[in-house]
Each structure stands twice: as C-alpha cells, then as structure tokens.
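Working notes, beginning with the structure itself.
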Amino acid sequence: MSDPKKAREKLSGAKRVVVKIGTNCLTDEDSKLEEKSIEKLADDIADLKEDGREVILVSSGAIGAGLGRLSFGEMPEDMKSLQAASTVGQGALMRRYSECFEEHGIHVAQILLTQEDLTAPSRFQNFKNTIRTLFKWSVVPIVNENDAVAVEEIRMGDNDPLSAFTASGAGAELLIMLTDVDGLHTGDPKEEESAEPIRTVEKITPEIEKLTQKSSESKFGGMYTKVQAAKIATDEGIPVVVADAEESNVLKKILAGEEIGTLFLAQK
C-alpha cells in the first residue's frame with residue numbers, strides 16, 4: 001500500500017481545489033439556512049485563497065433552503081415541487097454566500113449546470129472558459145445543479161457526482177467533499193458506536209462500496225454517492241478527501257497534510 005502520510009503531504013501541492021458541501025451542512029432541522037455554517041465555509045475558503053490557491057465551490061442547499069423559506073412541514077415527494085423550491089432557495093443561498101465572502105474582499109459567481117453542460121463538447125468548453133476567466137479575476141465560482149430544469153442530481157447524489165465532473169472538467173488537483181460525518185467508516189457512525197473511521201482508501205473496491213450502502217445522511221445525499229463520486233474523480237487522477245464540515249479550519253488542515261477525514265488515492 002502507498003504511504004498514507006506521504007499521500008497526505010502531497011495534498012499541499014494542490015493549487016486548484018474543488019470544495020463540495022452538502023445540504024445537511026448548510027441547513028438545520030427545519031431546512032433554514034445555517035448562517036454560521038456558511039460563514040465558516042467562507043472563512044475556510046478564504047484561507048485557501050490567501051495561500052494562492054484557486055477554489056471552486058460546489059454547493060448544494062437550494063432545495064433545502066427553499067423548503068425552509070416556504071415553511072414546508074415535510075418534504076414534498078413530487079419532483080415539480082422540489083424543482084420549484086430550488087428556485088426560491090437558490091437566491092437566498094447565493095445572497096448569503098455573497099455577503100460572507102465580501103467580508104474577505106472576495107467576489108463570487110453563480111454557475112448552474114445540467115448533465116448536458118458537462119457532456120456536450122461545446123457547452124463543456126464554454127464552462128471551462130468561464131472558470132478560467134473567473135479565476136483570472138480572482139472570483140470564486142459557486143456551482144450547483146440547475147434543479148429547475150434537471151432532475152438527476154435531485155434524485156441521487158446531492159451534487160456529489162457533479163462535484164467530481166466539475167473537478168475533472170476544471171483540471172482540479174484535489175476534490176474535498178464536506179459532509180456531516182468524519183469521512184468513511186466501517187459502519188454508519190450515526191447508528192453504530194463501534195464504527196471505526198477509515199482514513200485512507202487506496203482503491204475503491206466492491207467491499208468499500210458495500211460498506212456505504214447502509215450509511216446514509218438524512219434528507220439528501222449519502223456516503224454511497226460520495227464514494228461513487230470519489231471513484232469518478234480518482235479514476236481521473238484527482239485525489240479526494242471526505243471530511244466533517246464542522247472541523248475547525250478543515251480545509252487548511254487537509255491541505256497541510258493532517259489526517260482529517262478519509263483520503264481516496266488517485267488511480268493515475
């Protein structure tokens with residue numbers, strides 16, 4: 001097996017980083033936006049920017065924020081309601097991001113994507129051109145699925161696969177997926193006290209995938225889709241770290257090579 005310590009130390013060389021954060025990390029039990037969580041995320045990304053790194057944020061939370069603003073007691077089951085809720089929540093989410101990043105003198109840009117934008121050659125080139133220009137301007141791109149017209153990410157993944165495709169398309173050297181657990185475990189840490197953290201995954205095997213089918217997050221996403229996203233990214237040569245969003249200075253610690261969360265090693 002590769003030396004886990006050296007693999008972690010190599011992360012410090014990543015100049016272009018994609019950070020993905022899930023809905024559960026951005027909203028509370030009533031689907032209201034967690035102001036402090038967004039402030040913390042902006043602070044953590046600002047730290048990376050100060051180190052001279054380019055950062056793309058892939059942010060979920062539009063549907064959750066929309067449901068919270070509309071005071072839905074329970075999540076609707078029909079797709080059209082979820083899509084409509086996303087249009088309500090996206091504006092609120094971006095407004096809060098803008099406010100928090102402006103405190104650091106950083107501008108943000110909204111990019112809403114569909115699967116076709118990442119697979120159609122001309123659209124994909126436009127996406128890459130936009131990212132390149134925003135980086136030139138020192139702007140942080142904030143990417144989300146265009147939920148109003150697309151349904152795939154709503155049904156499965158909470159933007160996990162989208163973050164992997166974004167990392168690949170943008171030529172990122174590291175993908176960090178922030179969630180509400182400290183990485184991959186031998187079981188569901190929310191349900192099993194005996195579940196142990198797995199700090200390094202050299203290769204995503206069927207056994208690893210089987211571990212994640214039972215561990216899930218409430219409302220949106222799940223560890224299974226994060227591992228599937230990690231599989232996409234690592235196959236493209238991009239290492240992936242899944243870590244707890246609430247960890248203090250989490251991004252800085254990961255880039256410093258500290259043993260935070262689970263590191264999935266790049267396969268080429």
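The values are calculated or read from the model by the stated rules, or taken from the named source; none is laboratory data. Bear in mind that the values here come from a model prediction, so they are computed numbers and not experimental data. Here Cβ is always computed from backbone atoms with ideal geometry, including for glycine, and neighbour counts include all displayed protein chains. When the accessible area is computed, the model is the full protein with side chains, heavy atoms only, and any ligands, DNA or RNA have been set aside. Shrake-Rupley method; radii C 1.70, N 1.55, O 1.52, S 1.80 Å.
Residue pairs whose Cβ atoms lie under 7 Å apart, sitting 6 or more positions apart in sequence or on different chains, and linking a residue in region 28-49 that is under 13 Å from E247 (Cα atoms) to a partner that is part of a loop (DSSP other than H, G, I, E, B) and open to solvent by 30 Å² or more (accessible area, probe 1.4 Å), are D44/N249.
Only one of the numbered conditions (1) closer than 25 Å to T179 by Cβ; (2) touching a strand residue (DSSP E or B) at 6+ places or on another chain (Cβ under 6 Å); (3) β-branched (V, I, T) is not met by V139, and that is (1).
Given the criterion buried (at least 21 other Cβ atoms within 10 Å of the Cβ) and aliphatic (A, V, I, L, M), identify the matching residue among V58, V88.
On the way: V88 fails: buried (at least 21 other Cβ atoms within 10 Å of the Cβ).
Testing whether each residue is buried (at least 21 other Cβ atoms within 10 Å of the Cβ) and aliphatic (A, V, I, L, M) leaves just V58.
If the condition is being open to solvent by less than 10 Å² (accessible area, probe 1.4 Å), assigned to a helix (DSSP H, G or I) and modelled with pLDDT under 85, then region 209-268 contributes only T212.
Within region 1-19, is even one residue of a type in the set (A, V, I, L, M, F, W, C) and open to solvent by 40 Å² or more (accessible area, probe 1.4 Å)?
yes
Is it true that some residue in region 33-45 is in a strand (DSSP E or B), open to solvent by less than 40 Å² (accessible area, probe 1.4 Å), within 16 Å of L255 (Cβ to Cβ) and at pLDDT 90 or above? No. Among the residues of region 178-208, those identified as of a type in the set (G, A, S) and open to solvent by less than 80 Å² (accessible area, probe 1.4 Å) are G183, G187, A195. If you go through region 61-77 and pick out every residue that is open to solvent by 60 Å² or more (accessible area, probe 1.4 Å) and either at pLDDT below 80 or assigned to a loop (DSSP other than H, G, I, E, B) (or both), you end up with 7. Provide a single number: the residues in region 17-32 that are out of contact with any Phe, Trp or Tyr (no Cβ under 8 Å at 6 or more places or on another chain) and either of a type in the set (G, A, S) or in a strand (DSSP E or B) (or both). Of the residues in that region, 6 qualify.
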